[in-house]
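The values are calculated or read from the model by the stated rules, or taken from the named source; none is laboratory data. As the structure is a prediction and not an experimental result, all values here were calculated from the model. In this analysis, Cβ positions are derived from the backbone assuming ideal geometry, glycine residues included, and neighbour counts consider all displayed protein chains. We work out accessible area using only protein heavy atoms, side chains counted, and drop any ligands, DNA or RNA first. Shrake-Rupley method; radii C 1.70, N 1.55, O 1.52, S 1.80 Å.
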Number of protein chains: 2
Amino acid sequence: MGIDTHQQPVVYIRSDCHVAIAEGFNAHAQVEIRTADAAVVAQLVLVTNERLSHEQAALSEAAWQALGCPVEDEIAWLHHAAPVESMSYVRGKLYGQRLDDNSAAAIINDINAGRYSDIQLSAYVAACTGERLDVNETIAITRAMVDSGQRLRWANERVLDKHCVGGLPGNRTTPIVVAIVSANGVLMPKTSSRAITSPAGTADTMEVITPVQLGFEQMQQVVHDVGACLAWGGSVSLSPTDDIIIRIERALDLDSEGQLVASVISKKVAAGATHVLIDIPVGPTAKVRSDDKAHKLRQLLERTGAALGLDVRTVITDGSQPIGRGIGPALEARDVLQVLENDLHAPQDLRQKSLLLAAQLLEMSAVAEPGKGLELAERTLLSGQAWQQFQRICQAQGGFSRPAEAPFKHCVHARHDGVVAYFNNRFLARLAALAGAPNAAQAGIDLHVRLGDEVRAGAALFTLHAEAAGELAYALDFLDGHDDVIRIEEELTC
Amino acid sequence: MGIDTHQQPVVYIRSDCHVAIAEGFNAHAQVEIRTADAAVVAQLVLVTNERLSHEQAALSEAAWQALGCPVEDEIAWLHHAAPVESMSYVRGKLYGQRLDDNSAAAIINDINAGRYSDIQLSAYVAACTGERLDVNETIAITRAMVDSGQRLRWANERVLDKHCVGGLPGNRTTPIVVAIVSANGVLMPKTSSRAITSPAGTADTMEVITPVQLGFEQMQQVVHDVGACLAWGGSVSLSPTDDIIIRIERALDLDSEGQLVASVISKKVAAGATHVLIDIPVGPTAKVRSDDKAHKLRQLLERTGAALGLDVRTVITDGSQPIGRGIGPALEARDVLQVLENDLHAPQDLRQKSLLLAAQLLEMSAVAEPGKGLELAERTLLSGQAWQQFQRICQAQGGFSRPAEAPFKHCVHARHDGVVAYFNNRFLARLAALAGAPNAAQAGIDLHVRLGDEVRAGAALFTLHAEAAGELAYALDFLDGHDDVIRIEEELTC
């Protein structure tokens with residue numbers, strides 16, 4: 001029908017057609033559509049006008065794709081979708097029952113097969129939010145998620161990976177770390193996700209520079225050729241359920257701990273990693289707000305990893321302000337390239353953090369001896385080897401291009417003299433999202449100050465970037481009501 | 001656009017139109033549509049074909065209604081819907097924070113204004129499921145729900161109401177009770193809901209007999225004229241949020257305790273009741289499964305009622321088997337009429353339970369002295385006064401008609417001799433729903449046995465009724481996999 005309903009399969013039929021009456025279909029019923037070769041469960045929309053005949057059913061893009069793009073006059077059978085049996089486990093979970101291997105597998109399989117409506121997916125996400133998943137449930141879900149998708153296997157004894165639990169705008173260390181580590185001959189088949197509640201994920205940022213939608217075979221070829229990749233996980237079909245769940249988490253602006261651990265660990269196991277370093281930024285407005293919570297999360301990550309045969313190490317890092325200057329895909333890509341090219345203006349915090357993470361990974365991979373990782377990482381970056389390796393990866397993935405600049409900008413200035421005392425990471429992320437990030441790649445925020453900087457009234461604090469005038473206006477509206485995005489405190493004179 | 005998406009407002013625009021590009025719209029974005037006189041938040045669907053011009057937006061029925069049915073060429077402004085601020089309270093609740101008057105009011109107001117998407121509504125319902133709402137939160141939500149709608153006020157000192165927490169198929173005492181009590185001059189402006197997870201609500205059953213979609217003024221007129229009504233609550237706009245939440249609960253097959261109490265009490269307060277009797281059926285497959293849970297629910301109902309100035313009494317009743325013979329709107333309506341008309345074949349359990357509830361209400365209203373209610377109730381029924389009063393109510397609401405019989409039937413027989421030992425109320429409800437109830441009013445189940453009945457192999461246990469062949473087949477499919485709907489145990493011979 002030429003109708004884009006995002007991932008949701010929708011089918012349109014006449015409200016007065018024979019099938020609707022005989023089957024007793026109501027609007028918004030879940031209906032199974034079966035052709036000779038394929039089947040999909042779709043939401044029913046009833047059409048009351050003459051656009052369709054009584055013998056026609058029209059499909060949304062997602063439904064059409066799921067049915068393998070049937071030809072114009074193909075015959076299809078429609079009937080009520082069977083009730084989703086695994087929803088009884090979701091209901092049980094909401095009432096305080098525990099998930100086990102069996103129920104977790106049933107839920108994940110049904111989600112993966114597209115049997116859950118958005119309303120049902122949302123209830124599952126809500127049921128798993130907060131502290132409601134214990135370690136055994138998290139392990140069960142993780143295992144089910146690994147089993148639901150494809151799995152990569154590598155010949156190497158050690159296969160390295162890294163991950164950041166997020167919540168810190170601009171924290172785009174991954175491309176730099178992968179370049180440094182893989183330049184030293186360590187296998188690093190990196191898959192990344194798109195943004196959940198942040199203005200950019202690593203996949204969004206890398207997409208500005210090089211194609212990230214590699215297929216399963218292409219990704220294996222890239223890693224075979226250059227020892228690493230920087231691909232979007234969703235396109236390789238590793239832990240595919242995750243992308244369905246992420247869409248709902250994004251709509252809810254939620255990112256639950258158990259689901260987060262299941263998502264991270266399942267993707268790493270499916271990608272064939274043996275050793276994983278996980279960065280947990282902690283700060284008052286980061287995703288993880290206290291050392292206590294960070295230690296709990298570390299434990300859950302390490303135990304879940306161990307249960308699935310993965311060596312997980314975690315580093316708890318400073319999450320009190322963004323890393324780098326750019327927030328949003330293109331602006332972060334600019335920062336990444338500055339560091340890799342040893343540009344004098346490169347953001348030093350991004351450079352330093354990337355070096356520390358790369359150092360750890362070099363030691364975990366046994367390429368560097370304990371305590372010698374940082375030296376090797378610095379040498380790899382300074383010598384240009386990391387930059388060359390990064391370009392090799394991009395070429396193998398399909399080409400390299402530099403980020404473009406947004407057509408609409410607006411600079412925000414300090415209202416009075418003082419010292420930069422506080423960044424509200426959540427407001428910054430929200431502001432960048434309102435400006436259009438990550439869907440508008442050039443949209444976002446360019447920061448001009450860091451914590452502790454002294455500023456004069458009128459000094460530039462940050463610049464909003466947008467691809468559309470409407471989005472820029474929308475971000476400015478938000479600023480009107482939230483002036484505490486960056487706080488300038490007046491200095492006390494004793 | 002002649003498109004029925006149930007209650008969900010949807011707007012269709014061309015993916016390549018100027019507004020979509022300038023505003024950075026994506027499929028499934030929440031978009032505010034504003035005309036000169038009205039506004040609605042709708043889900044965006046992008047159309048990629050020529051059905052619409054670049055200057056056109058098409059609306060689903062729900063969106064079109066919400067905008068007050070704009071004329072063909074009316075101009076509308078589209079922009080991103082503001083993020084729903086109260087969702088932060090829903091997220092907080094999922095993370096274990098408590099709701100207070102302020103946050104409950106914010107959530108209910110936003111839901112009522114149509115600002116929550118289905119995904120967000122589902123997360124709210126999930127957040128309130130199980131034992132997650134304490135009494136203060138329940139009171140806060142109840143108060144917010146009362147404030148969100150219209151409120152009826154009556155001159156009488158005592159205004160009586162009743163409610164059943166449900167879960168027991170066929171338990172249709174309300175029409176009988178209202179007729180008996182109001183025949184004695186007691187004011188009983190009864191509003192009922194449609195089915196949530198059951199095959200019929202009182203409103204569904206009454207609709208078979210008389211119009212129940214009364215407006216606010218019409219309902220007041222009916223009560224003024226005949227001292228009672230039997231109307232659908234949703235059409236009077238009492239606690240209107242409830243109907244939105246019920247749609248989501250139905251899709252999830254969930255019915256949470258706190259939300260249940262908020263729903264019941266808010267509707268009673270809004271309907272202007274001063275005294276309410278609540279029936280809590282308890283049984284292994286009823287909604288409330290243990291005396292323990294029933295007592296907890298009783299306490300929550302009584303405390304929430306008291307906080308809102310309502311005198312709430314509860315009766316805990318037997319919920320081990322359905323009440324009456326029919327399950328489904330038309331079949332239950334038949335049972336109700338048999339009792340009111342003193343038909344010799346009337347189901348005695350339905351008659352007896354209705355009399356007991358009516359007796360309590362007559363005593364609560366001070367029309368009968370303590371201990372004298374049952375006698376008065378029986379006299380009112382036997383004398384035909386209740387039947388006359390029921391007909392008066394129906395005439396005042398717009399007419400009286402008798403239920404019709406379904407065109408498709410299938411009788412299920414006992415496989416062996418034995419005694420009827422167990423009814424699975426949940427399976428019976430599911431079976432009736434699969435057969436089409438409540439949307440197909442004539443669909444449902446007609447029971448031929450009761451607990452303790454001795455049956456021979458081949459004896460009729462129940463008859464499935466359906467309005468469409470497809471639905472009957474679907475119910476039969478379910479029976480194939482679930483033969484424990486009614487259990488016949490062979491007698492032990494010593």
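Summed over segment B:89-110, the residues that are polar (S, T, N, Q), surrounded by fewer than 19 Cβ atoms within 10 Å (Cβ to Cβ) and either more than 17 Å from A:ARG426 (Cβ to Cβ) or facing chain A (nearest Cβ under 8 Å) (or both) give a count of 2.
When the residues of segment B:111-130 are filtered to those that are touching an Asp or Glu at 6+ places or on another chain (Cβ under 7 Å) and either away from every other protein chain (no Cβ under 14 Å) or assigned to a helix (DSSP H, G or I) (or both), the one that is surrounded by the fewest Cβ atoms within 10 Å (Cβ to Cβ) is B:ASP118. State yes or no: is A:ASN342 polar (S, T, N, Q), open to solvent by less than 70 Å² (accessible area, probe 1.4 Å) and under 20 Å from A:VAL449 (Cα atoms)? So A:ASN342 does not fit the description; no. Just to be sure, is A:ALA29 out of contact with any His (no Cβ under 8 Å at 6 or more places or on another chain) and not hydroxyl-bearing (Ser, Thr, Tyr)? When the stated conditions are applied, A:ALA29 does not pass them.
Could you list, in sequence order, all residues of segment A:422-446 that are part of a strand (DSSP E or B) and among the charged types (D, E, K, R)? If the condition is that a residue be part of a strand (DSSP E or B) and among the charged types (D, E, K, R), then A:ASP446 is the only one that fits. Only a single item in (1) more than 7 Å from chain B (Cβ to nearest Cβ); (2) farther than 15 Å from B:GLY2 by Cβ; (3) of a type outside the set (Lys, Arg) is not met by A:ASN26, and it is number (1). Within segment A:217-245, the residues that satisfy the criterion of being open to solvent by less than 10 Å² (accessible area, probe 1.4 Å) and more than 18 Å from A:ASN112 (Cβ to Cβ) are A:MET219, A:VAL222, A:VAL223, A:ALA228, A:CYS229, A:LEU230, A:ALA231.
Listed here are the residues, each with its yes/no results for (1) over 23 Å from the mean Cα position of the chain (by Cα); (2) surrounded by fewer than 23 Cβ atoms within 10 Å (Cβ to Cβ).
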| position | (1), (2) |
| --- | --- |
| B:ALA294 | no, yes |
| B:ARG303 | no, yes |
| B:ARG313 | no, yes |
| B:PRO329 | no, no |
| B:GLN352 | yes, yes |
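Residues in segment A:465-487 that are open to solvent by less than 20 Å² (accessible area, probe 1.4 Å) and more than 14 Å from chain B (Cβ to nearest Cβ): A:VAL485, A:ILE486.
Scanning segment B:447-462 for residues that are open to solvent by 20 Å² or more (accessible area, probe 1.4 Å) and either outside any loop (DSSP other than H, G, I, E, B) or not assigned by TED's automatic domain parsing to the domain that holds B:PHE427 (or both) yields a total of 2. The residues on offer are B:LEU337, B:LEU376, B:LEU356, and the sole one that is surrounded by fewer than 22 Cβ atoms within 10 Å (Cβ to Cβ), in contact with a Leu (Cβ under 6 Å, 6 or more places away or on another chain) and in contact (Cβ under 8 Å) with a residue 12 or more places away in the chain is B:LEU376. When A:ASP343, A:ASP335, A:ASP349, A:ASP318 are checked against the criterion of being farther than 18 Å from A:SER182 by Cβ and touching a Gly at 6+ places or on another chain (Cβ under 6 Å), a single residue qualifies: A:ASP335. Checking each residue in segment A:64-78 for being open to solvent by 60 Å² or more (accessible area, probe 1.4 Å) and either touching a helix residue (DSSP H, G or I) at 6+ places or on another chain (Cβ under 6 Å) or outside any loop (DSSP other than H, G, I, E, B) (or both) picks out A:TRP64, A:GLN65, A:TRP77.
Checked against (1) open to solvent by 10 Å² or more (accessible area, probe 1.4 Å); (2) not assigned by TED's automatic domain parsing to the domain that holds A:ASP279, A:TRP387 passes all but condition (2). State whether one or more residues within segment A:55-63 are closer than 22 Å to A:ASN109 by Cα, at pLDDT 85 or above and either surrounded by 18 or more Cβ atoms within 10 Å (Cβ to Cβ) or out of contact with any Phe, Trp or Tyr (no Cβ under 9 Å at 6 or more places or on another chain) (or both). Looking through segment A:55-63, at least one residue is closer than 22 Å to A:ASN109 by Cα, at pLDDT 85 or above and either surrounded by 18 or more Cβ atoms within 10 Å (Cβ to Cβ) or out of contact with any Phe, Trp or Tyr (no Cβ under 9 Å at 6 or more places or on another chain) (or both). The set of residues in segment B:31-70 that are within 9 Å of chain A (Cβ to nearest Cβ) and touching a strand residue (DSSP E or B) at 6+ places or on another chain (Cβ under 7 Å) comprises B:GLN43, B:VAL45, B:LEU46, B:VAL47, B:THR48, B:SER60, B:GLU61. Scanning segment A:131-181 for residues being open to solvent by 40 Å² or more (accessible area, probe 1.4 Å) and either assigned to a helix (DSSP H, G or I) or among the hydrophobic types (A, V, I, L, M, F, W, C) (or both) gives a total of 5. Would you be able to say whether some residue in segment B:270-280 is among the hydroxyl-bearing types (Ser, Thr, Tyr) and within 25 Å of B:ALA228 (Cβ to Cβ)? The answer is yes; a qualifying residue exists. Applying a threshold of 6 Å to beta carbon distances and a minimum spacing of six or more residues, or different chains, the list of pairs starting in segment A:406-431 at a residue that is in contact (Cβ under 8 Å) with a residue 40 or more places away in the chain and ending at one that is part of a strand (DSSP E or B) and of a type in the set (D, E, K, R) reads A:GLY418/A:GLU489; A:VAL419/A:GLU454; A:VAL419/A:GLU489; A:ALA421/A:ARG487; A:ALA421/A:GLU489; A:TYR422/A:ARG487. Taken over segment B:433-456, residues that are away from chain A (no Cβ under 14 Å), more than 15 Å from B:ARG334 (Cα to Cα) and in contact with a strand residue (DSSP E or B) (Cβ under 8 Å, 6 or more places away or on another chain) amount to 7. When the residues of segment B:359-414 are filtered to those that are in a helix (DSSP H, G or I) and touching a Cys at 6+ places or on another chain (Cβ under 8 Å), the one that is nearest to B:CYS229 (Cα to Cα) is B:ILE393.
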